[in-house]
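To start, the structure itself, in structure tokens.
The values are calculated or read from the model by the stated rules, or taken from the named source; none is laboratory data. Predicted model only: the values in this text are computed from it and were never measured. Please note: Cβ atoms are built from the backbone with ideal geometry, for glycine as well, and neighbour counts cover all protein chains shown. The protein model used for the area step is the full one, side chains on, heavy atoms only, and it has no ligands, DNA or RNA in it. Shrake-Rupley method; radii C 1.70, N 1.55, O 1.52, S 1.80 Å.
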Amino acid sequence: MSSSVPKVRLAGGLEICRVLNGMWQVSGAHGTVNKTKAVEAMQAYVDAGLTTFDMADIYGPAEEIYGQFSNQLKSSGSAAPALQGLTKFVPRPGPMDRKVVEKALQRSMSRMQVDALDCVQFHWWDYKDKRYLDALGHLSDLQQEGVIRELALTNFDTQRLEEITQKGIRISSNQLCKTLHACFCLPFISSKTDTTNNLKRIQ
């Protein structure tokens, strides 16, 4: 097993690989997914030292595939390395009371076969709908209760990031949509994202 993969420690203490295994490819958007083969394929990444997996509640069976692999790894009897499962909470527009948020997290926990979530990355579609603050307030409360280890964001701009942190909500990271051929989110993210609240940029 390789130990040369660079790591970074988030604000809450979770150590993750700087290179994440993205699981959007198993969302089903690219065609039918063979779950058995997908679970088997994950071992090669772990053997290479890439133990951090990034998924979302809207990525089809991604959370279930992660859960099956994690459970299989734990049951193997060998000295299995610790995995880090980063998922995203991507709600549809609507009421963001605690029951809605808690139900979504419980669903992710069930799929991923975990008692607590390593990291929840929150995504919101429309900044004009201020209910993202309600959702983040509940997520922060659930973090304090031990349901979430790290609370993070996905593609939030600097203005909203400052608004959130000024309300006392601790954000560990902000995952940006940066690829080799598209960097359309970066103009909205200032250098403050690197320093606010010990925030890490995951690109």
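In table form, for the structure just shown:
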| item | result |
| --- | --- |
| Full-stretch length increase - residue 103, residue 48 - with 0.36 nm per residue and alpha-carbon distance subtracted | 16.3 nm |
| Inter-centroid distance (Cα atoms) of the stretch 5-83 relative to the stretch 135-180, Å | 22 |
| Among the listed pairs 88/128; 35/74; 130/167; 7/167; 7/130, those beyond 23 Å (Cα-Cα) | 7/167; 7/130 |
| Carbon plus sulfur fraction of accessible area for the chain, probe 1.4 Å, in percent | 51 |
| The stretch 111-169: trypsin sites (Lys or Arg not before Pro) in DSSP loop, at most 14 other beta carbons within 10 Å | 128, 130, 167 |
| Within straight-line cross-link reach of residue 37, aspartates and glutamates at Cα separation under 17 Å, skipping those fewer than 8 residues along the same chain | 47, 63, 64 |
| Gain upon complete extension [residue 32, residue 144; 0.36 nm per residue less C-alpha separation] | 36.5 nm |
| Translational D in µm²/s for the stretch 69-118 (Stokes-Einstein at 37 °C, 0.692 mPa s, Kirkwood Rh from C-alpha pairs) | 258 |
| Loop-located chymotrypsin sites (Phe, Trp or Tyr not before Pro) in the stretch 114-171, at most 13 other Cβ atoms within 10 Å (DSSP) | 125, 127 |
| Of every Cα-Cα pair in the stretch 1-156, the percent that sits beyond 28 Å | 20 |
| Helix-only CD estimate at 222 nm, as mean residue ellipticity for the chain, using -39500 (n - 2.57) per DSSP H run (n ≥ 4) | -10000 deg cm²/dmol |
| Per residue value of the accessible surface for the chain (all protein chains in place, 1.4 Å probe), Å² | 51 |
